[in-house]
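**Q** Pasting a structure below so you can have a look.
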Amino acid sequence: MDDYFKEQSDKFLNWAGEKAVEVLLAIIIFFIGIKAAKLIVKLLKRIFDRKNVEKTVAHFTLSLVRWTIYVITFIVSISVVGIQVTSLVTLLGSAGITVGFALQGSLGNLAGGILILLVKPFKVGDYILENNSKTEGTVDSIDIFYTKLRTIEDKIVVIPNGTLTNNSVINFTALDKRILLLNVGVAYDSDLDKVRETIKRVLDEDSRIMSSEKMVIYVDSYDSSAIKFGLRAYVSSEDYWPCRWDVLENIKKAFDKEGIVIPFAQVVVHDADKMRLN
C-alpha cells in the first residue's frame, strides 16, 4: 500500500513539474475570470440602474451572467492544464445517472428561478409568505437558484426557487392596498355603541386609513370573558405594519380615556379549609 501511494505521489509530482507553467497560467486565468465577472456584473448593474430595469429581472440576469462567466472560466482553466473538455464531458456522461441525481435539486431551482422571472408571482420588494414552511418576509433578491427574504426581525432567509414554485405563495403586497383586520375584546358590561364610536374615532384620526374605502366595525364573537369586536379598514401596503401597531396602541389609550375595560383571563384561588368550614 505504501509503495502504491509513493508511486502515485511520484507521478503527481512529475506531472506537476512538467505542467508547472500551465498550472500557473490556469490559476491566473481563473482569477482573471473571477475579477472579470465582478467587473462585468458591476457595469451591467449600473446600466440597469440607469435604464430603470425592474429589480427582479436585473437580479436574475446579473446572477445568470456571473455564473455563466464562472463556468466558462473553469472550462478554459482546465483546458490550459491539458484536461480535454470532451474527456470531461465523456466522464460526466458515463456517470450521468449519479450526476443527474446530484444536480436534480439545483436544476429544479434553476427552472424555478426562470419561472419566477417569467410568471412574476412576486418581485423584489414584495412581502410574501411561503405557505408550506410559513416563512415570510420582504423579497430582498431573486438569484438563479435561491430567493432571499428579509424578515421583520431583519434576518435574511434563503429559500430555494424550486420550493417557491412547487408550493403556494401568498403575496401580501401584490396590490397597492391591504385590509387592516384587527380584533379587540371588551367587558360584557361595556356600552357597545360607545365601543364602536371609540374605535371609529381612532381610525378616523389616522390619516393612513383610506377614507375612500369601506370601513367596518362589528361584534365578532362572544368569548368566555369578553365581547370580541372586529374592525376592517384599508391601508396602503407600505403603511400596513406601522399603521397596525399604532392603531392597536391608540385603541388601548382611547379605551382607557373612555373607561372601557379590556378584560383578561383571571384565576380565582379558594382556600380549601375555609370552604370546608363554611
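**Q** Sorted by mean Cβ packing within 10 Å, highest first, what order do the peptides 64-72, 39-47 take?
**A** Taking the mean over residues of other Cβ atoms within 10 Å, the ranking is 64-72, 39-47.
**Q** If you don't mind, there's one more thing I want to ask. Compute the Kirkwood hydrodynamic radius of the range 177-258, taking the inverse of the mean of 1/r over all pairs of distinct Cα atoms, and give it in Å to one decimal.
**A** 13.0 Å
**Q** Hull surface divided by four, with the convex hull built on the Cα atoms of the range 120-171: how many nm²?
**A** Seen from a random direction, the Cα hull of the range 120-171 projects 3.1 nm² on average.
**Q** Considering only DSSP states other than H, G, I, E and B, which GluC sites (Glu not before Pro) in the range 114-213 qualify as loop sites with at most 11 other Cβ atoms within 10 Å?
**A** Values: sites: 130, 136, 153, 197, 205, 213; in loops: 153, 205, 213.
Passing both the DSSP loop test and the Cβ count: 153, 205.
**Q** Let's see if you can work this out: charge +1 on each Lys and Arg Cβ, -1 on each Asp and Glu Cβ, no other charges. What is the dipole magnitude of the range 26-86 about its Cα centre, in debye to the nearest 20?
**A** The calculation lands at about 320 debye.
**Q** In whole angstrom, and with the biggest value first, how far do the Cα coordinates of the range 219-266 range along each principal axis?
**A** Between the extreme Cα coordinates on each principal axis of the range 219-266 lie 37, 24, 18 Å.
**Q** Based on C-alpha coordinates, I'd like the Rg and Dmax of the range 97-206, in Å.
**A** Values for the range 97-206 (Cα only, Rg and Dmax): 20.7, 72 Å.
No value in this document is a laboratory result; all are computed from the given coordinates. Model, not experiment: these values are computed from the prediction. Using ideal geometry, Cβ is built from the backbone for each residue, glycine included, and neighbour counts are taken over all protein chains shown.
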